[in-house]
Structure formats: C-alpha cells, structure tokens
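For reference, the structure is listed below as structure tokens.
The values are calculated or read from the model by the stated rules, or taken from the named source; none is laboratory data. What you see is a predicted model, and the numbers here were worked out from it, not measured in a lab. All Cβ positions, glycine included, derive from the backbone under ideal geometry; neighbour counts span all protein chains shown.
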Amino acid sequence: MNKKCFLTITLILIVLLTTAFSIKEGNSGTFIMGEDLIVSEDEIIRGSTAVLFGDVVVNGRIEGDLAAIFGDVTINGTVDGNVAAILGDITVESNGVIEGSAAAVVGEVERLPGSVIEGEIASIDGPFNINHADFIPLLTITSIVGLMVFFGISSLLLVLIPDRMMIMAENAPVKIWRRFGIGIASYLMFIPAIIALAITIIGVFLIPLFIAVFFLTAFIGMASLKIAIGRRITGKLDGRGAPYIYLLVGSILVFVLPFIPILGWIVYMFAASLALGIVLDTRFGKPNTKTI
C-alpha cells in the first residue's frame, strides 16, 4: 500500500472515530441523514459534524471535525478540524480554510487558489487505487441487498429483545480490551470446538446447532455494536424509532469498512471480535449486568 493510500485511510479513520466518539449525549455536535447541510456565513457549529447521504456547504464555521458519507463537501468558510469524505469530493474555495487535514475516498480533494489547508491532503479514487467507474462493480446489488437484509434481521432483534439489545449497546464502550480478548479467544476456539464435538456420535449431530448458535451470537453482538456506533454519531435521539436510526447509521459505517484497503479490514475484524466479546461478557444483555 503506497504512502498516499495509507495517509488517506488514516485520516478517514481518525475523522470517523473522532466524530463517532465525540458527539455524545449532552455534547454539542451535528448529525444529519438524508439531507444537505448548509452552514450560513454567520453560523457556527460547535462540535464534530457528520452528514450521511447529503452534501455539505460550509460558508460559516465548524468548530470540530467534519465527515460526509455519500456526499460532497464544499468549504467557503472555516473548519477547525479535519475533513473527510467517503464516496464524495472535497472542494475548498478561495475563501475556504481547513485547519486540519483533508482526505477523500472514492473522491478527490480540490483546492482552489487562495484556499488554506493546514494539514495533509490526500485522496484515492477508490479501494486499491481504482477509478470511479471501476468502483461501481464493488458496490454490487448483492452487497447492497445484503446490507438491507442484515439491517432487517437486526431490526427484528430490536423488536424481539429490545431491552437486551440496548443494554449491550450501552455497555459497548466499556471494558473494550477485555471484551476484545473474549471475542478473539472465542473465534480461535471455534474450529477446536467443532473437532471436539466430532469425536463423539452425539457431538456430530450437535455440530450444526453449535455453528448456528455461534454465528447467531456473533450477529447479535455486531448488531448491538452497530447501535452503539450509531448512537455515538447521532447523539441521543428522542422517539421510539431512535434505536433503528442508530442501527442504520452504524450498519452503513460498518458496511463501508471492508472497502478501505487493509486497514479497513483490520478495523472490521477488531469490531467483529469486540462485538462477540460484548454479547458473551454481558450474557446476552442480561439486565443485572454490572458495568464500570
């Protein structure tokens, strides 16, 4: 992986993680989904800002990082932090100022004369340095349908066991390394466990059930982690539909990860191990689980 690709991925992950873990309950910040964000000349947004499925035009000021997913970013004003775009372009006009770095995946960073970008500038046309046209086959109908199916099944879990799902999601930010260890150990023991079952006749018949339960457990954990990620980004939302919005936002971010070369897969595998550890450590979101 060349230097430009590595730099871009690093900046993208920094901005996304900063956005995800700084927009918390009670903190300032902005999350918008399905519509454009236009910051007027006399407007100041305090805190990290994320826009999903919409364009961003900054004529005023954003005091924090800015992330746009499936949308373009145009800077006529000032962004105090980093700016990242996934499947979108970043354009810094002549009066635009980015005090951090600017990076785009499946897009470009265009800097007009007179503009200021104090940090690094990086862009890649797509995963593995392919162009926009070549990237389209990667986002196949199958992968989009898969995203919708997994979201639908995860939503069903919110209907069937809403309290347990939210308990697991709320517990996701604590004991991270402990739960990652539990998860990675569980994955490493998967094959030995199947071999152990295969030794006995009864165990052979239990193997399909064991595999189904194992992957269902991993799926439940990942769904709870997606809810936690979505909640971090959007902040606490009101209404009965809030968990589904958290789930949708988290699902899209996790869906994008594998399209980022190498480091994206590393983060994805870390998330998968952490998710499995969360569901096991909380005993499937048992209400009396103690947290620190």
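General remarks:
- Residue in region 217-229 that is assigned by TED's automatic domain parsing to the domain that holds Arg164 and modelled with pLDDT under 90 present: yes
- Considering only residues in region 24-44 that are buried (at least 17 other Cβ atoms within 10 Å of the Cβ) and modelled with pLDDT of 90 or more, the one that is farthest from the chain's Cα centre (by Cα) turns out to be Val39.
- Residue within region 105-122 that is assigned to a strand (DSSP E or B), closer than 20 Å to Ile233 by Cα and either in contact with a strand residue (DSSP E or B) (Cβ under 9 Å, 6 or more places away or on another chain) or not assigned by TED's automatic domain parsing to the domain that holds Gly264 (or both) present: yes
- Total residues in region 151-197 satisfying the condition of being in contact (Cβ under 8 Å) with a residue 40 or more places away in the chain and within 17 Å of Ile278 (Cβ to Cβ): the figure is 28.
- Total residues in region 51-77, condition under 18 Å from Glu120 (Cβ atoms) and of a type in the set (Val, Ile, Thr): 2
- Within region 30-85, the set of residues being in contact (Cβ under 8 Å) with a residue 60 or more places away in the chain and closer than 17 Å to Val116 by Cβ comprises Gly81, Asn82, Val83.
- Test: Ala169 is over 24 Å from Val267 (Cβ atoms) and part of a helix (DSSP H, G or I): no
- Summed over region 131-166, residues that are at pLDDT 85 or above and assigned to a loop (DSSP other than H, G, I, E, B) total 1.
- Top-ranked residue of region 257-284 - restricted to ones that are β-branched (Val, Ile, Thr) and over 15 Å from Pro173 (Cα atoms), ranked as modelled with the lowest pLDDT: Ile260
- Of all residues making up region 92-110, the number that are surrounded by fewer than 20 Cβ atoms within 10 Å (Cβ to Cβ) and farther than 26 Å from Pro258 by Cα: 5
- Candidates Leu225, Leu209, Leu237, filtered to the one that is more than 13 Å from Gly277 (Cα to Cα), in contact with a helix residue (DSSP H, G or I) (Cβ under 8 Å, 6 or more places away or on another chain) and not hydroxyl-bearing (Ser, Thr, Tyr): Leu237
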